[in-house]
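Encoded as structure tokens, the structure appears first; notes follow it.
Only the coordinates and a few stated rules stand behind these numbers; no lab work does. Since the model is a prediction, treat every value here as computed from it, not as a measurement. Positions of Cβ are generated from backbone atoms using ideal geometry, with glycine treated the same way; all protein chains shown enter the neighbour counts.
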Amino acid sequence: MTAHHLWLPAPTDVNLLSDEIHVWRIDLDQPEPHLQNLVATLSSDEIARAERFYFQEHRQRFIAGRGILRIILGRYLRIQPRQVQFNYQDRGKPVLADTFVDSGLAFNLSHSQALGLCAVNCTRQIGVDLEYIRPMSDLEALAKRFFLPREYEMLRSVSPNQQQEVFFRYWTCKEAYLKATGDGLSQLEQVEVSLTPTEPAKLQILEDWSLFELLPANNYVAAVAVENFGWNLKCWQY
């Protein structure tokens, strides 16, 4: 279905070329000592947000995701993780604060269960979505509601054990594009994706957009959408 990208150990001195996209795979279940170090990099509003989670596991995963995001962005910006500052767009999407506008650095973050992905590039809108493939009792109903007729027919034409993977591939591709453009899930059914169990997905839209499907771990699918063509994708393991 998709290229199995190699998740390489990340270089400490990381350079982002203008034609590159870097995708970082992040383990959100971090040992307690590391979590303590990560908490120290967070802003007061991030700590307040972490404390609002009811379950400790969710709190710890938020701290890990946000702390490691700060470490990763700090490497590109050549600053300490604590010094990274965010603004928040509609629906809470973090972007770099205006102070860093000259860097041209764009990023997007997604997480599911114990895994996170952070996609980084220069100057172009980018979106990433990651989903854990899980049994869904209302899978066909959701597909009928959110997918276009051709997508729904495609889903119904595959064997039941392929349906879950196909459903989540469609979902991540659409969601990655919507996260890049800033459009909400309400637009899900307006983004057409063509794929088959053996062929990689393509966005059926007029503008110039690239779509990359990733298999970050067993039972996970992910997609990265970015404006323009000719990208060189590098996958790092944090």
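Numbers for the structure displayed
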{"read-out": "The stretch 1-51 and the stretch 187-201: distance between their alpha carbon centers, rounded to Å", "value": "28"}
{"read-out": "Sequence of 22, 58 once ranked by neighbouring C-beta atoms within 10 Å, starting from the fewest", "value": "58, 22"}
{"read-out": "Cut-off 12 Å between beta-carbons: net charge of the residues surrounding residue 19, Lys and Arg +1, Asp and Glu -1", "value": "+1"}
{"read-out": "Ascending count of other beta-carbon atoms within 10 Å, so fewest first, for 120, 224", "value": "120, 224"}
{"read-out": "Lysine pair number, Cα distance threshold 18 Å (strictly under), the chain, separation 8 or more or different chains", "value": "5"}
{"read-out": "Cβ-defined net charge surrounding residue 68, 14 Å radius [Lys, Arg +1; Asp, Glu -1]", "value": "+3"}
{"read-out": "For the stretch 110-238: Kirkwood Rh in Å [reciprocal of mean 1/r, alpha carbons]", "value": "14.9"}
{"read-out": "Residues 134, 75, sorted so that the one with the fewest Cβ neighbours within 10 Å comes first", "value": "134, 75"}
{"read-out": "Mean separation of Cα contacts under 8 Å, 6 or more apart, over the residue count of the chain: relative contact order %", "value": "27"}
{"read-out": "Net charge over other residues, Cβ less than 13 angstrom from the Cβ of residue 145 (K, R count +1; D, E count -1)", "value": "-2"}
{"read-out": "Shape of the chain, Cα gyration tensor, a/c cut at 1.5", "value": "prolate"}
{"read-out": "Under the span-like rule (Cα at least 30 Å along the axis, Kyte-Doolittle mean at least -0.5), DSSP H helices of the chain", "value": "56-77"}
